[in-house]
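The values are calculated or read from the model by the stated rules, or taken from the named source; none is laboratory data. Keep in mind that this is a model prediction, so the values were computed, not measured. Every residue, glycine among them, receives a Cβ derived from its backbone with ideal geometry; neighbour counts consider all protein chains shown. For the accessible areas, the whole protein counts, side chains as well, though only heavy atoms, and no ligand, DNA or RNA atoms are used. Shrake-Rupley method; radii C 1.70, N 1.55, O 1.52, S 1.80 Å.
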Amino acid sequence: MRVVIAEDLALLRDGLTRLLGAHGFEIAGAVGDPEALAEVLAREKVDVAIVDVRMPPSFTNEGLVAALEARERRPGLPVVVLSQYVEQLYARELLQSGEGAIGYLLKDRVGNVPDFVQTVRQVAGGATVLDPKVVAAMVTRLGGHEPLTRLTPREREVLSLMAQGRSNAGIGSALVITENAVSKHINNIFTKLDLPTAPDDNRRVLAVLQYLRDPGRP
């Protein structure tokens, strides 16, 4: 699996390069600015891009903009965006950039190596994975919208874990309930949010996230 890393901090860029290389990833490029990222993507075939939100020259949202532009040029390009803080606006913009293959993580999650590597693999495979803190902030922000108020506290917990990319087994383990119970909660969530069920976990996550990013949905 080929990956490009765009991170302006040389120490973190080198750390990500070594970490991913040690877990079987091929590094197609490791760069420190948006222009260099665009050059790598133009000449190399990559399976996933890992991009810091804040990059030169202004260190505001250049990395996010570069990720969005990359997905415009290559629709569906898997992208994992790293952020120092929970920035809901950036998360929403990223979610609106196409169907799936999106990751939005806080940088401190990189320290949990197994989870980080799994997230990169999930996104490369087409999944959407959001940092738990980002999910919590989005659900809280939309908590007053009528469809979400239909959910029980347990269903909200299941919804949050779904948005984090958890499988049914993973949700059951986290909440200490059976997979059958998880399936029932998920069916209830789709019914209450007027969302169609789907046979694929990733598509179900995307459907829920599409609802969450659209507070005007009737």
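Please enumerate the residues belonging to region 142-166 that are under 18 Å from the mean Cα position of the chain (by Cα) and at pLDDT 80 or above. GLU157, VAL158, LEU159, LEU161 - these are the residues of region 142-166 that are under 18 Å from the mean Cα position of the chain (by Cα) and at pLDDT 80 or above. Within region 150-174, the set of residues being outside any helix (DSSP H, G or I) and more than 17 Å from ILE102 (Cβ to Cβ) comprises ARG150, LEU151, THR152, SER167. Considering the conditions (1) at pLDDT 85 or above; (2) under 23 Å from LEU41 (Cα atoms); (3) open to solvent by 70 Å² or more (accessible area, probe 1.4 Å), VAL120 is excluded by exactly one of them, (3).
Are any of the residues in region 23-32 under 22 Å from ARG109 (Cβ atoms) and out of contact with any helix residue (DSSP H, G or I) (no Cβ under 8 Å at 6 or more places or on another chain)? Checked against the condition, which is being under 22 Å from ARG109 (Cβ atoms) and out of contact with any helix residue (DSSP H, G or I) (no Cβ under 8 Å at 6 or more places or on another chain), region 23-32 yields at least one hit.
Taking the criterion of being under 22 Å from LEU106 (Cβ atoms) and among the small types (Gly, Ala, Ser), the residues of region 1-21 that qualify are ALA6, ALA10, GLY15. Of the residues making up region 78-91, just one is free of Cβ contacts under 8 Å to residues at least 40 places away in the same chain, among the hydrophobic types (A, V, I, L, M, F, W, C) and in a helix (DSSP H, G or I), namely LEU89. Looking only at residues of region 21-63 that are more than 10 Å from VAL4 (Cβ to Cβ) and touching a Leu at 6+ places or on another chain (Cβ under 7 Å), we find that the one that is surrounded by the fewest Cβ atoms within 10 Å (Cβ to Cβ) is VAL53.
Tell me, which residue of region 16-49 that is over 19 Å from the mean Cα position of the chain (by Cα) and of a type in the set (Asp, Glu) is modelled with the highest pLDDT? Across region 16-49, the extreme among qualifying residues is GLU26.
Selection of first residues in region 184-195 that are within 16 Å of GLY172 (Cα to Cα) and of a type outside the set (S, T, N, Q) and of second residues that are modelled with pLDDT of 85 or more and assigned to a helix (DSSP H, G or I), restricted to Cβ pairs under 7 Å at least 6 apart or on distinct chains, gives the following pairs, ordered by first then second residue: HIS185/ARG154; HIS185/GLU155; HIS185/VAL158; ILE186/VAL158; ILE189/GLU155; ILE189/VAL158. Residues that are acidic (Asp, Glu) and without any contact (Cβ under 8 Å) to a residue 24 or more places away in the chain within region 103-133 comprise ASP108, ASP115, listed in sequence order. Per the conditions (1) of a type outside the set (Phe, Trp, Tyr); (2) open to solvent by less than 30 Å² (accessible area, probe 1.4 Å); (3) on the phi > 0 side of the Ramachandran plot, the sole criterion not satisfied by LEU77 is (3).
The residue of region 148-167 that is surrounded by the most Cβ atoms within 10 Å (Cβ to Cβ), among those that are within 14 Å of ALA127 (Cβ to Cβ) and of a type in the set (S, T, N, Q), is GLN164.
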